[in-house]
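These notes are about the structure you will find just below.
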Amino acid sequence: YFISRKIYLISNAVDSFFSEREINDKKNKSHLRIWYEFSKKESSDYIARPDFKLRLYLEKTRKRLKLNFSNTSLSEENQNSLNSNKTTSDTSNEDKQISASLSLNIKETKRFKFSTHSGVRVGVPPNLFLRMKGTYRYNLHDWEFMARSEAFYYSKDGPGWTTNLNMTKPLMENLIFDFENFITWQGPKDLSYGHGFQLFYKINPQSTLTF
């Protein structure tokens, strides 16, 4: 409870910097997620490591600004949801760094959204980054089509680019079918692509199973 109130206070204080809201510890949608990850692959060492992700919810400026803090590898930051699990299992502890970013929505309509993301991966020297992301959504009967393209640049690692073409459809009240296609280029020789499907089963508003 003490930690929750401090997180609410920090997010409301940051929100007040960009608006005229009062600084207090009133509950909002900010959250801190902490977990411990265990994994073992054939012919590799056993991995056990803690991870976290902090999201500060800015109630008055949320449509334009977002703040995020996480502990990820460079590959994890720039992967889509379909291959993020594999990327995480292939990541060593040494590859992970604290990352802080500020997102700004430049333009947002019912179907289109364009945003920029800037931040830093903490290290010596720090790895500054800038991302530009465009997303387009279109609904046809029960299907939702989503196209997303993102260009990024890291001061230490150079440029990259990723694109997703996804289709989702509710099969039941709590079951969603998702078909994804992706291609990601990062660095001179790092190119990955693929397609596949996932099922999302919503247990409650806070919990979801992925197959």
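The values are calculated or read from the model by the stated rules, or taken from the named source; none is laboratory data. Given the structure is predicted, the values throughout are model-derived calculations rather than measurements. Using ideal geometry, Cβ is built from the backbone for each residue, glycine included, and neighbour counts are taken over all protein chains shown. The protein model used for the area step is the full one, side chains on, heavy atoms only, and it has no ligands, DNA or RNA in it. Shrake-Rupley method; radii C 1.70, N 1.55, O 1.52, S 1.80 Å.
The 3J(HN,Hα) values that the Karplus relation (6.51, -1.76, 1.60; θ = phi - 60°) gives for segment 177-185 are, in residue order, 9, 10, 10, 10, 10, 8, 9, 9, 10 Hz. Gly and Pro appear as x.
With respect to the cross-link table entries LYS66/LYS156; LYS27/LYS169; LYS27/LYS156; LYS26/LYS53; LYS113/LYS202; LYS53/LYS113, which display a Cα-Cα separation exceeding 28 Å?
In this structure, LYS27/LYS169; LYS27/LYS156 lie more than 28 Å apart at Cα.
Do any GluC sites (Glu not before Pro) in segment 120-204 lie in a loop, going by DSSP, with at most 13 other beta-carbon atoms within 10 Å of their beta carbon, and if so which? Here the sparse-neighbourhood loop sites are GLU173.
Can you list the trypsin sites (Lys or Arg not before Pro) in segment 124-168 that are in a DSSP coil and have 14 or fewer other beta carbons within 10 angstrom?
Here the trypsin sites (Lys or Arg not before Pro) that fit, given the DSSP loop and packing criteria, are LYS156.
Measuring only protein heavy atoms, the 1.4 Å probe finds ASP142 accessible over about 90 Å².
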